[in-house]
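The values are calculated or read from the model by the stated rules, or taken from the named source; none is laboratory data. Treat the numbers as computed from the prediction; the structure is a model and nothing was measured. Cβ placement follows ideal geometry from the backbone for every residue including glycine, while neighbour counts extend to all protein chains displayed. With ligands, DNA and RNA removed, areas are computed over all heavy atoms of the protein, side chains included. Shrake-Rupley method; radii C 1.70, N 1.55, O 1.52, S 1.80 Å.
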Amino acid sequence: ENLQTTLRASEDEYQVTARNRNELRTLLDNSIDRHHEIAELLIRFQLLDEHYESDIERLEGIREAGSLVAALLPGDCPLCGAKTGDQHADTECDANLDQLVAGASAELQKISTLRNELKTTVSQLREESSSFDRLIPHTRNQLASVNQQIALFTPLLTEQRTSFQELVEKRAAVRQVVNLLAQIEDLREKKLEIEASDVKTEEETTPTSTDLSASILYEFCKVIHTILEKWHFP
């Protein structure tokens, strides 16, 4: 019972340590996967930021060129090549400078907003990546420590299990001997009962002695005396 109690405590401690190891393994695997995912996202977002920067430079060029063209003196249209006399300022042109500049400005503001949101997201991802840079080595150290504890604890647990199994087998052997002794004692009691019963039966079947009277004995002796004389017994 003492060894069983110790063994149960050891197995409980081993189970807790094993669960801790599994949790650390899961945490480490998830952290590594997330760290790799963040690295891939940062690469993609870097390309997206470069694309935004290229769009911004293009739109700023369009807006600046439109402003400069609008400030030029009347002449040939720089967009369609129409002569001054052929230009119709009172009608809408497919390449209306004011509309073109306004559209470029609106698109530029939209892309700038998206780029700022992208910078915020990248900043958060880099901060999360930095946390994993600290968490992953720490988790690996914890996992190595737990593995070392299990490596040291396993032989002790195996020894306790072996000792317990040996005691269980020994207990079974002792119980078998006890049962045999009980059977022997039971047989002895039955033997004594049988012997006592035989003695009682013998006493019951043994004829009891009867006292004869003197006259009967005298007559009997006379008969024996007569027979002995006929036999010429001295």
Going through (1) at pLDDT below 90; (2) open to solvent by 100 Å² or more (accessible area, probe 1.4 Å); (3) in a helix (DSSP H, G or I) one by one, ALA196 fails only at (2)
Considering only residues that are among the hydrophobic types (A, V, I, L, M, F, W, C) and more than 17 Å from ALA151 (Cα to Cα), look in the range 8-27 and name the one that is most open to solvent (accessible area, probe 1.4 Å).
LEU27
With criteria (1) touching a residue at least 12 places away in the same chain (Cβ under 8 Å); (2) open to solvent by 40 Å² or more (accessible area, probe 1.4 Å); (3) among the aliphatic types (A, V, I, L, M), LEU143 comes up short on (2)
Mind telling me which of the residues ASP90, ASP55, ASP98, ASP94 ends up being modelled with pLDDT under 90, open to solvent by less than 50 Å² (accessible area, probe 1.4 Å) and acidic (Asp, Glu)?
ASP55
Show the residue pairs that are 6+ apart or on different chains and have beta-carbon atoms under 8 Å apart, the first residue being within the range 159-179 and under 17 Å from THR6 (Cβ atoms), the second being surrounded by 10 or more Cβ atoms within 10 Å (Cβ to Cβ) and aliphatic (A, V, I, L, M).
GLN160/LEU3; GLN160/LEU7; ARG161/LEU7; SER163/LEU3; PHE164/LEU3; PHE164/LEU7; LEU167/LEU3
So LEU135, is it part of a helix (DSSP H, G or I), surrounded by 10 or more Cβ atoms within 10 Å (Cβ to Cβ) and among the aliphatic types (A, V, I, L, M):
yes
Within the range 149-163, does at least one residue satisfy the condition of being closer than 30 Å to GLU53 by Cα, out of contact with any Cys (no Cβ under 7 Å at 6 or more places or on another chain) and at pLDDT 90 or above?
no
Candidates LEU180, LEU118, LEU125, LEU167, filtered to the one that is modelled with pLDDT of 90 or more and either within 30 Å of LEU24 (Cβ to Cβ) or surrounded by fewer than 10 Cβ atoms within 10 Å (Cβ to Cβ) (or both)
LEU125
Among the listed residues ARG21, ARG44, ARG8, which satisfies the condition of being without any contact (Cβ under 8 Å) to a residue 12 or more places away in the chain and more than 29 Å from ARG115 (Cα to Cα)?
ARG8
